[in-house]
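Take a look at the structure below.
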Amino acid sequence: MELLNVQHLRKSFGQLEAVKGVTFSVKKGESFGLLGPNGAGKSTTINMITGLFPPTSGSIFLHDIDVVKQPKQAQKRIGVVPQEIALYQEMSAWENLKFWGRIYGLNGSQLTRKVEEVLEIIGLSDRAKDKVSTFSGGMKRRVNIGAAILHNPELLIMDEPTVGIDPQSRNHILETVKQLNEEGMTVIYTSHYMEEVEYLCERIGIIDHGVVIASGTLKELREKMEDRSRIKLTIDGVKENAADINKVLAGHFSEKEFQFQDNQLIVFHKEPQLVLSELVHSVTETGTRITSVDIVEPNLESVFLHLTGRNLRD
Amino acid sequence: MRRIFPILSLHLKSFFKTPAAFVLMFVMPVLFSWIFGGMSVNSKQNKPVVNIVADRNETNTEIIKLLKKDKNFKWETETLKKARENVSNDMVIAAVAIPEDFQERIIGQRALFDVILQKKSQDYQALNAYLQGSARLISSSYQAADTLEASFSDVLAGVVNQKGIVVERQTIEKNPDNHVQVNLMVVGFAIMFMMFGLSGAASAILDERRNGTWGRLLISPARKGEIITGYLLSYFIMGWIQFAVLLAAIKFMFGSSWGSLSYLVPYTSLVIIMVTGFGLMIAGIVKTKQQAMALNSVLIVSTCMLGGVYWPLDIVPEFMQKIALAVPQSWAMSGFKEIMSGSLHSGILLKDILALLGFTVVFFAIGLRGMKFE
C-alpha cells in the first residue's frame with residue numbers, strides 16, 4: 001500500500017528551477033533513501049513534502065491527504081528530523097522533548113510516558129535533565145531525532161541526520177532508525193553517506209539537477225551498472241598523460257568503460273581480474289607510474305558515479 | 001489554539017532563565033529610577049526661588065495668589081532693586097514684575113509680565129510656560145469681568161479660589177508632594193528598557209530562524225497564527241511583568257501614586273502592545289540578531305530622546321515638540337502624564353490612545369510582512 005505519492009513536483013525560486021519534475025512513491029512500512037549531491041534538489045523536495053514550501057506544480061499525497069492543500073493535516077502524521085539541530089539549546093533534553101510533544105498534541109501522563117520512552121530509545125535517559133548545549137554533537141542529533149518520533153509518525157523524514165558526528169553516535173542512530181522501521185514506521189532517509197543508505201534503505205531514488213534519474217532497490221540499481229566492478233588505478237601525472245593513456249585504452253575498452261577522475265583512472269568491468277594485468281601493462285607502456293590498484297565491487301557509489309559521472313560529494 | 005500555550009510558556013521560561021534579561025529588564029530600570037528619581041525628589045526639596053515685584057493693590061494680590069499656586073517654585077515678594085540684585089547674584093532664577101499698566105496690556109494684548117533674568121535655564125523654561133498659562137487665565141478673567149460688568153479683581157479672586165480651574169497646574173493641587181515628575185521619569189525608563197528588552201526578545205525569532213527551531217515549528221501541526229500569537233503573547237506578558245515590578249519598586253521607594261488603575265492598566269497594555277509591535281517590526285526588517293541589536297540601539301535611544309523620555313518636552317524648543325509627535329514615546333508619555341496627574345482629560349488621553357493605536361498597526365503590519373513563513 002502506498003503511503004506517499006509524489007508526482008511531477010516542480011519548484012522554482014525566481015529564475016532558478018530547483019526541482020524539475022520529481023516523481024516517486026513510498027510504500028507503507030518501507031525505508032526509502034533519497035540520494036543526491038548538494039544542490040541536487042533533495043532538500044527542496046523534502047521541504048515540499050513536509051509542507052514548508054508549496055510546490056510550483058505537481059502533487060504530493062500522504063494516503064489520501066493532499067499535502068499541498070492540507071499541510072497541517074499531513075504534518076500531524078509526519079515526523080521530520082531536520083539537517084540542523086533544531087532544538088532549544090538552553091533547555092534540557094527533557095524540556096525540549098516535552099515542548100515538541102505538546103506541539104504535536106500530546107499532554108498529561110501520555111506526554112510524560114512518551115518522553116521517557118523516547119529518551120530510552122535515543123539512549124539519553126541519564127542525561128534527560130541536562131541542557132542540550134552541554135551535549136556532544138552526536139547526543140544533540142539523537143535528541144533531534146527524539147523530537148521527531150514522539151508522536152509516533154506514520155512517515156519519518158530524516159534529512160542527513162548523521163552529519164558531523166562520532167562513529168558511536170552514528171551507529172546508535174542507524175540502529176534506532178532500523179529498529180523504528182522494523183516496528184512499522186515508514187522512513188525517508190537522505191544522506192551523503194551511501195553506506196548508510198545501503199544499510200538502511202530497501203529502495204533508493206537518485207536525484208540530480210532537480211530530477212530523479214534512477215530509482216529502485218539496490219539490486220535493481222546495481223543491474224543498471226550491469227554488475228560491473230570498478231578498477232581504480234592511481235597514476236602519477238595522469239592528467240598530463242591522459243591523451244596517451246586514452247590512445248592505449250581505446251584499443252581494449254569502449255569509451256563508456258573508463259573515465260578519469262582526479263589522479264585516478266577508473267575502468268568499469270564485469271570481470272576485473274581478467275583484464276587487470278593487460279590494463280596495468282598498457283598504462284605502464286605510456287611511461288606513467290601506477291602507485292596503487294584497487295578493485296571495488298559494484299555499490300551505490302559506483303551506481304551514482306555511473307549515472308551522473310561524478311561522485312556524490314562533488 | 002491549544003498550541004499557543006506551549007510556545008508562550010517556553011519563551012517565558014527561556015527568557016527568564018537568562019541572567020542578562022533580568023539585569024536589562026529589572027535591575028537596570030530600578031537602579032536608574034532609584035538614582036534619578038531620588039535626585040529629582042531631593043531637588044524638589046530645594047525649590048527654585050522666583051521673586052515677585054508688584055505694587056500692593058487688590059488685583060495684584062489676586063495675581064500673586066494665582067502665581068503662588070505653582071508649588072514647584074518658592075515665590076518671594078521683593079522690591080525691584082532687591083529683585084534685580086538677586087537675579088544678578090544668581091540667588092533666584094528670575095524676577096516677575098507685575099507692571100502698573102497691567103490692564104492696558106490686557107486690552108492691547110501685550111505681554112502681561114515683565115521678567116528679569118540672567119539665563120534661560122530649564123527652571124526658567126518651566127516658569128515661562130506657567131506664566132503664559134497664567135496670563136491667558138488673567139486675560140480671560142478680564143474679559144469675563146467686562147461681560148458680567150463685575151469687578152476684575154472679584155472675578156480673578158473667584159477664579160483663583162476655585163480649585164481645579166487652573167488646568168495646567170491641577171496636578172500640583174492633587175499631588176502636593178509632586179511625585180508626577182518622578183513617576184514620569186520612572187515610566188520613561190520603564191518604556192526605554194522595555195523597548196530594549198522586548199525588541200531583544202523579538203529578535204530571538206531571527207536566532208530561531210538560523211537555528212532551525214522556527215522552521216521546525218512551521219512544519220509542525222501548529223498554525224502560523226498560533227505560532228505568532230504564542231510569541232507575541234509571551235512578549236506582552238514579559239512587558240507587563242517588567243512594568244508591574246517597576247511600578248511596585250517605585251511605589252516602595254518613593255511612595256508614588258499611579259492614578260486610576262482602571263485607566264492605567266488598559267493604557268499600559270496598549271503601550272506594551274505598541275512596544276511589542278516595534279520589536280516585531282525590527283525583527284521583520286533585518287536578517288540577523290546583530291543587525292537587530294544595532295538598529296534597536298540607534299532607534300530606541302534617539303526616539304526616546306525625541307519623545308520626552310529623558311526630559312519633559314515642555315523644555316525643548318517648539319520645533320522639537322513638533323518632531324516629537326512623530327515618535328510613539330511622546331504619545332505614550334503624554335498619556336501616562338494624564339493618568340498619573342489624577343486630572344484626567346479624556347480628550348487628550350483619547351488622542352494619545354489613537355496615536356498609539358496608529359503606531360501599533362503600522363509596526364505590526366511591517367513586522368508581520370517581514371516574517372518569513374517559508
For this session: Could you tell me whether any residue of the stretch B:73-90 is at pLDDT below 85, surrounded by 14 or more Cβ atoms within 10 Å (Cβ to Cβ) and in a loop (DSSP other than H, G, I, E, B)?
Result: yes
Taking the stretch B:1-23 and keeping only residues that are small (Gly, Ala, Ser) and either in contact (Cβ under 8 Å) with a residue 24 or more places away in the chain or within 11 Å of chain A (Cβ to nearest Cβ) (or both), one is left with B:SER9, B:SER14, B:ALA21
B:PHE73 meets each of (1) more than 30 Å from B:GLN242 (Cβ to Cβ); (2) among the aromatic types (Phe, Trp, Tyr); (3) free of Cβ contacts under 8 Å to residues at least 40 places away in the same chain with one exception, condition (3)
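Residues checked against (1) surrounded by fewer than 18 Cβ atoms within 10 Å (Cβ to Cβ); (2) modelled with pLDDT under 90; (3) not small (Gly, Ala, Ser):
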| site | (1), (2), (3) |
| --- | --- |
| A:PRO161 | no, yes, yes |
| A:GLY164 | yes, yes, no |
| A:PRO167 | yes, yes, yes |
| A:LEU174 | no, no, yes |
| A:VAL177 | no, no, yes |
| A:ASN181 | no, no, yes |
| A:THR186 | no, no, yes |
| A:VAL197 | no, yes, yes |
| A:LEU200 | no, no, yes |
Note to self: Against the definition (touching a helix residue (DSSP H, G or I) at 6+ places or on another chain (Cβ under 6 Å), within 14 Å of another protein chain (Cβ to nearest Cβ) and in a loop (DSSP other than H, G, I, E, B)), how does B:SER234 come out, yes or no?
What the structure shows: no
Answer yes or no: is there a residue in the stretch A:157-165 that is within 19 Å of the chain's Cα centre (by Cα), among the charged types (D, E, K, R) and at the interface with another protein chain (Cβ under 10 Å from one of its Cβ atoms). no
Over the stretch B:181-227, the set of residues within 14 Å of chain A (Cβ to nearest Cβ), part of a helix (DSSP H, G or I) and among the aliphatic types (A, V, I, L, M) is B:ALA201, B:ALA204, B:ILE205, B:LEU217, B:LEU218, B:ILE227
So is A:THR288 more than 32 Å from the chain's Cα centre (by Cα) and surrounded by 13 or more Cβ atoms within 10 Å (Cβ to Cβ) or not? yes
Kindly indicate whether any position in the stretch A:118-126 is surrounded by fewer than 20 Cβ atoms within 10 Å (Cβ to Cβ), under 26 Å from A:PRO71 (Cα atoms) and more than 16 Å from the chain's Cα centre (by Cα).
-> no
Listed by range, strands (runs of 3 or more DSSP E) wholly within the stretch A:256-308 having at least 3 residues that are assigned by TED's automatic domain parsing to the domain that holds A:ASP244 and at pLDDT below 85 are A:258-261
Apart from one, (1) among the small types (Gly, Ala, Ser); (2) in a helix (DSSP H, G or I); (3) under 15 Å from A:VAL81 (Cβ atoms) all hold for A:GLY164; the odd one out is (2)
Residue hits (the stretch A:100-116; crowded, with 18+ Cβ neighbours inside 10 Å and farther than 21 Å from A:ARG127 by Cα) are A:ILE103, A:TYR104, A:LEU106
Among the residues of the stretch B:237-261, the number that are touching a residue at least 60 places away in the same chain (Cβ under 8 Å) and either outside the structural domain of B:MET28 (by TED's automatic domain parsing) or aromatic (Phe, Trp, Tyr) (or both) is 2
Matching residues in the stretch B:1-16 (in a loop (DSSP other than H, G, I, E, B) and not hydrophobic (A, V, I, L, M, F, W, C)) number 2
Requiring at least 1 residues that are in contact (Cβ under 8 Å) with a residue 40 or more places away in the chain, touching a Leu at 6+ places or on another chain (Cβ under 9 Å) and under 12 Å from A:LEU34 (Cα atoms), the strands (runs of 3 or more DSSP E) wholly within the stretch A:190-243 are A:203-208, A:211-217
Residues of the stretch A:213-227 being modelled with pLDDT of 80 or more and surrounded by fewer than 21 Cβ atoms within 10 Å (Cβ to Cβ), in sequence order, are A:ILE213, A:ALA214, A:SER215, A:GLY216, A:THR217, A:LEU218, A:LYS219, A:GLU220
Practice task
Please work out if A:ARG230 is at pLDDT 80 or above, closer than 13 Å to A:PHE304 by Cα and not aliphatic (A, V, I, L, M).
Solution key: yes
Practice task
Could you tell me whether the stretch B:355-364 includes any residue that is within 15 Å of the chain's Cα centre (by Cα) and either part of a loop (DSSP other than H, G, I, E, B) or free of Cβ contacts under 8 Å to residues at least 60 places away in the same chain (or both)?
Solution key: yes
Regarding A:TYR199, is this residue touching a strand residue (DSSP E or B) at 6+ places or on another chain (Cβ under 7 Å), closer than 30 Å to A:GLY101 by Cβ and of a type in the set (Phe, Trp, Tyr)? no
The helices (runs of 4 or more DSSP H) lying entirely within the stretch A:22-139 that contain at least 1 residues which are within 12 Å of chain B (Cβ to nearest Cβ) and touching a Pro at 6+ places or on another chain (Cβ under 6 Å) are A:42-49, A:71-75, A:93-103
By residue number, the members of the stretch B:212-247 that are surrounded by fewer than 19 Cβ atoms within 10 Å (Cβ to Cβ), modelled with pLDDT of 85 or more and under 25 Å from the mean Cα position of the chain (by Cα) are B:PHE236, B:ILE237, B:TRP240, B:ILE241, B:ALA244, B:VAL245
Item to complete: State whether the residues of the stretch A:128-136 include one that is among the basic types (Lys, Arg) and either surrounded by fewer than 20 Cβ atoms within 10 Å (Cβ to Cβ) or out of contact with any Leu (no Cβ under 9 Å at 6 or more places or on another chain) (or both).
Response: yes
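The values are calculated or read from the model by the stated rules, or taken from the named source; none is laboratory data. Computed from a prediction, not measured in an experiment: that's the story for all the values here. Because the Cβ atoms are built from the backbone with ideal geometry, glycine has one as well, and the counts that use them run over all protein chains shown.
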